[in-house]
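Worksheet: one structure, shown below.
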Amino acid sequence: MSEIPKAYEPQSVETKWYDFWLEHQCFTADPARVSATRPAYSIVIPPPNVTGVLTMGHVLNNTIQDILARKARMEGKEVLWLPGTDHAGIATQNVVEKTLKKAGEIKHRDDLGREALVAKIWEWKEKYGGIILKQLRALGASCDWTRTRFTMDPEYSRCVQKVFVDLYKKGLIYRGKRMVNWCPASLTALSDEEVVMKEQKGFMYHFRVEVVELPGTFLTIATTRPETIPADTAVAVNPNDPRYQHLVGNHVYRALPLDVPKEQRIIPIIADEHVTFDFGTGVLKVTPAHDKADYEIGLRHKLPVIDILTPDGKMTAEAGVDLAGLDRFVARKKAHEILEAAGTLEKAEPYVNNVGFSERADVPIEPRLSEQWFLKYPSVEESKACVAQPEERSAGLRPGAVGEMDDSRRIGDRRSEMRFYPDRWAKVYDHWMTGIQDWCISRQLWWGHRIPVWQNSGEMSLREVYRHLLTAVLEADNYGIENQAEFSIRVDGSLIVTDANDFLGKIESDDKALDVRDFHQVTVCTAHENAAACLENIGFTQDPDVLDTWFSSWLWPFATMGWTDDKATDAKNPTLKAFYPTTDLVTGPDIIFFWVARMIMAGYEYMGDLPFRNVYFTGIIRDKQGRKMSKSLGNSPDPLDLIAKYGADALRFGVMRAAPLGQDVLFDEQSVELGRNFCNKLWNACRFRQMVGTADSVIEGEINPALLTSDDQWILLRLDQAIREVTQAFTEYKFSDATATLYRCFWGEYCDWYVEASKAAFPNAERGTRSAEQERLAVNKLAVMDFVLGNLLRLFHPFLPFITEELWHGMGYAQDLPDDRGGKTLMFATWPKAFSDDEKAYFGLDETADRVAQAKYDLVSLGRTLRRELKLDPAKKLKFILKPAGELPPAEVEVLKLLLNAEAVELVAPDWTPAKGTPSAGNLLGELYLPTTGLIDFGAERARLTKELETIRAEIAKVETKLANPAFAQKVPAKVLEEHRQRLVDWQAKEKQAQTGLENLPT
RNA sequence: GCGAGAUUAGCUCAGUGGUAGAGCAUUCGCUUCACACGCGAGGGGUCGCAGGUUCAAACCCUGCAUCUCGCACCA
């Protein structure tokens, strides 16, 4: 730090050190370095959407991960922070399709066709897909970029296929015609988790239908969706409803469509428990094709299903001429008009109900009957049991700290091994796992992992299919026939072949069943490349659907580490061996079901072990009014702008300070400004150290305990306390607590008191030269400063990686350290340790030292207040008189003088009494007087002291009342009783001080 | 409807039985030789409401109110 700018300038420093770290491969994890003395620490990044750009949410999430990773490195762990992106099926395909449409290249994706569109998306991905990962570097993220993964990498895709085939073989994946959530905008099915309920204002329409068997008798039906009337196939009432019981078994004329003759619109009145008496009219129209509950009713009563909606949400011809071709919402209005015109509408009253929306496309979903692939979740029991519930934790049943390994861990062991922070999310997780529903995993998209299932239509016998496949597989040199997960074959849905061995056996046994053909549909599920090609050649067709993106992300913790599902290979995989299970996962609670829960299940199913030990759930970043950040509100600042303006460290520190565990973060640019100010303060504190360092003073000299002043002892104790607090905060993932401690220790203690007090020990123009003794004290003080600053820089490093690295080198602290212990980079310097008892004894650090310094600073504050209240000229150096309560070394008096900005502090004997009217203040260190001359305004000081006296007396009264209570003295623990007595004494002393001070004021 | 969380200074939050705290904001003063991205001194709180337990409650218990978030959902 030869040229030291007055203010810290982050820009050049940040790029310099990031490049340095990359160049020296500081982020690269090497499993070979893992040992008993160098444990592994790993995090996998929640893969951001490949179309994404950095948001404040990413800043929060990734800063936390970086802090954890950097802290772990300083603790001597081998750290893997594994980055990557996911392919985000719907989002990415949408982005590219839109771009192409905008450019006029296509009107519809069919114009390009599947292969060409997918090629375009890949092109787009190569060009823009890495943006967010680049942006993370600006933030300082210490990811191992050499291991960057993408969910559609070839190796990763293989993992997805293998898992699919395995689950298919196990019968957990099945295809079925079900009611699914259909997104009419994206034209695909969605899982339940991708549907959010939103309150919608609409109408409740009451309309009449006539009972066929009893002309003139009408039923009134209430519905919010009159446009679906043409799809009604029954009218249902509760079997116990006395109003309608007698009508069950009769029929009604369906109200729509009107262009169909009445006789063709007859539907039955059925009785079903699902119908509630008191909702609506107690009569329910049953639309099996367009409502989940109605579909169930339809199944129970074997009702026909009439589908009147196209995939994109338009009415079909079956809805009648009036509605056909209309959008579903237009059709609703139209249906209303038709009913009204026909005179069958009784009323339409405003009504608010909850409607399912596609989370991504933000349009109402349609329940739709379609063929989809479903997964019955594996390893549910273990997954449910492994997460510690809050009550277990408070009962002390859980093992301890972060990342702590427990060798007794066993699969199926009922002891929970994973902890959520905050733990209340464990309840949410448990609840979801309890009522878990099968997962709809197919998506009608082109971008993604295509479902590895092929079908024929029966032109070929099973035996022929076998022969072709066998040849294809034997030709493959890379995958042997013994690889059991490669095949699963079903005929008309029944599992015929479970794996390749089975397949061989069947062929050899000359099974007659193998010659079936014609109407038999052969379904082959395989992850084998050659087999896939072979199937294409012999006329099989691959399922057109792709898999839900989460079906690939749920494998993230091990698929990114080179997992193959070949037990022998995986057992030899050094990365998996060293880094799986990962230590921490940092993510948002909004994807607890989408991702976290599913990763846990995949972890147990495929690794036989949980995927991570601790899950930290961040809050949501909001603006300062508490609104979610959104593009449309324009309240979402660009993190890169903030970094350019304030520096990455400032952004990190500001965000971490504002982000308490488990709470949403109300973000305000002011907090980044505060971060910048903090960095600047740190910068200047180090500058000060450099400026007071004399030519002959060494950097980081030995501290001589004999030369420590009370200030030195005090700051060493404060540092010790800070180290304890920060370290503790880490074990609880309380990062905002850690920043608060660091803020207090560095700014409030080191800068405000220690540095200021130290100025008494260093020369300046006015004070002239020092004695040899003073010189020794000053040099020792430099050593203390270096010790404190060196420790603080290390404590700060996970939060402020750039500025601390710059100062670490600039101050020369890296000089004498071994390369792997901070010599090359602060990243690998050791994490500060609190003093042991021996060290405390060696430095003479005890409560007395602490109290003396503290009392000294208190007295300074009292003196400053006195001066201020008397409205004395702030520029004028005043003379103070001090009557010490005990021994007070000259060095201490020098400090008092400096901190009081006094011309002199004159010591007087215990029997000295001030002149009448001398303002005073005091504490256990002694009595401070401020002899005044000239015209002084004592009014303010009198008012202040009077008020203070009142407060003091109120406190005394409180304590006295307590102590006077016989029950108190009897029941209270001795320690508390003693505390109260001491408190009374303290308050009484203060009372006396204030009283004297008041009396001393001239009248 | 079920469940969870929140409610403490103007704002954002610490504080799980024993003297109500921090940062920011605010007021006032200061070109004090590291830093005005700074320094110093202040003001500001019946701890959401009502009961209860206790010698003692912001903290434990009960009820209520308001807000937020999950889950479920009746047309």
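Do we have A:Met607 as open to solvent by 30 Å² or more (accessible area, probe 1.4 Å) and modelled with pLDDT of 90 or more here?
yes
In the stretch A:1-46, how many residues are open to solvent by 40 Å² or more (accessible area, probe 1.4 Å), away from RNA strand B (no atom under 16 Å from the Cβ) and in a helix (DSSP H, G or I)?
Residues meeting the conditions: 8.
Which one of A:Thr951, A:Thr961 is closer than 14 Å to A:Ala989 by Cα, under 52 Å from the mean Cα position of the chain (by Cα) and open to solvent by 70 Å² or more (accessible area, probe 1.4 Å)?
One residue alone meets the criteria, A:Thr951.
So for the stretch A:351-359 (the condition being touching a helix residue (DSSP H, G or I) at 6+ places or on another chain (Cβ under 8 Å) and part of a strand (DSSP E or B)), does at least one residue qualify?
Yes: the stretch A:351-359 contains one or more residues that are touching a helix residue (DSSP H, G or I) at 6+ places or on another chain (Cβ under 8 Å) and part of a strand (DSSP E or B).
Looking only at the stretch A:664-682, filter to residues that are surrounded by fewer than 18 Cβ atoms within 10 Å (Cβ to Cβ) and among the charged types (D, E, K, R); which one of those is farthest from RNA strand B (Cβ to nearest atom)?
Ranking the qualifying residues of the stretch A:664-682, first place goes to A:Glu669.
How do the pairs read when you match residues in the stretch A:611-638 that are closer than 30 Å to A:Ser383 by Cα with residues anywhere that are of a type in the set (D, E, K, R) and surrounded by 13 or more Cβ atoms within 10 Å (Cβ to Cβ), using Cβ under 6 Å and keeping only pairs 6 or more apart or on different chains?
A:Asn614/A:Arg419; A:Asn614/A:Asp584; A:Gly619/A:Asp664; A:Ile620/A:Asp664
Do the conditions hold for A:Arg328, that is, is it of a type outside the set (A, V, I, L, M, F, W, C) and surrounded by fewer than 22 Cβ atoms within 10 Å (Cβ to Cβ)?
It is false that A:Arg328 is of a type outside the set (A, V, I, L, M, F, W, C) and surrounded by fewer than 22 Cβ atoms within 10 Å (Cβ to Cβ).
Show the residue pairs meeting these rules: Cβ distance below 7 Å; 6+ apart or different chains; first residue within the stretch A:932-961 and of a type in the set (A, V, I, L, M, F, W, C); second residue away from RNA strand B (no atom under 14 Å from the Cβ) and at pLDDT below 85.
A:Phe938/A:Leu1001; A:Phe938/A:Pro1002; A:Leu945/A:Leu998; A:Leu949/A:Leu998
Filter the stretch A:869-883 down to residues that are near RNA strand B (Cβ under 9 Å from one of its atoms), farther than 17 Å from A:Gly922 by Cβ and of a type in the set (D, E, K, R) and give me whichever is most open to solvent (accessible area, probe 1.4 Å).
Across the stretch A:869-883, the extreme among qualifying residues is A:Lys871.
Please go through the stretch A:287-300 and pick out each residue that is touching a helix residue (DSSP H, G or I) at 6+ places or on another chain (Cβ under 6 Å) and within 9 Å of RNA strand B (Cβ to nearest atom).
Scanning the stretch A:287-300 gives a single hit, A:Thr287.
May I ask you to list the residues in the stretch A:968-1003 that are surrounded by fewer than 16 Cβ atoms within 10 Å (Cβ to Cβ) and aliphatic (A, V, I, L, M)?
Result: A:Ala969, A:Ala974, A:Val976, A:Val985, A:Ala989.
For the stretch A:292-312, what are the residues that are assigned to a loop (DSSP other than H, G, I, E, B) and among the β-branched types (Val, Ile, Thr)?
A:Val305, A:Ile306, A:Ile308, A:Thr310
Restrict the check to the stretch A:827-849 and report whether at least one residue is open to solvent by less than 60 Å² (accessible area, probe 1.4 Å), over 23 Å from A:Phe796 (Cβ atoms) and among the aliphatic types (A, V, I, L, M).
Yes, the conditions are met somewhere in the stretch A:827-849.
The values are calculated or read from the model by the stated rules, or taken from the named source; none is laboratory data. Remember, predicted model here, so these are calculated numbers, not experimental data. Here the Cβ is made from the backbone with ideal geometry for all residues, glycine too, and neighbour counts use every protein chain on show. Surface accessibility is based on the protein's heavy atoms, side chains included, excluding ligands, DNA and RNA. Shrake-Rupley method; radii C 1.70, N 1.55, O 1.52, S 1.80 Å.
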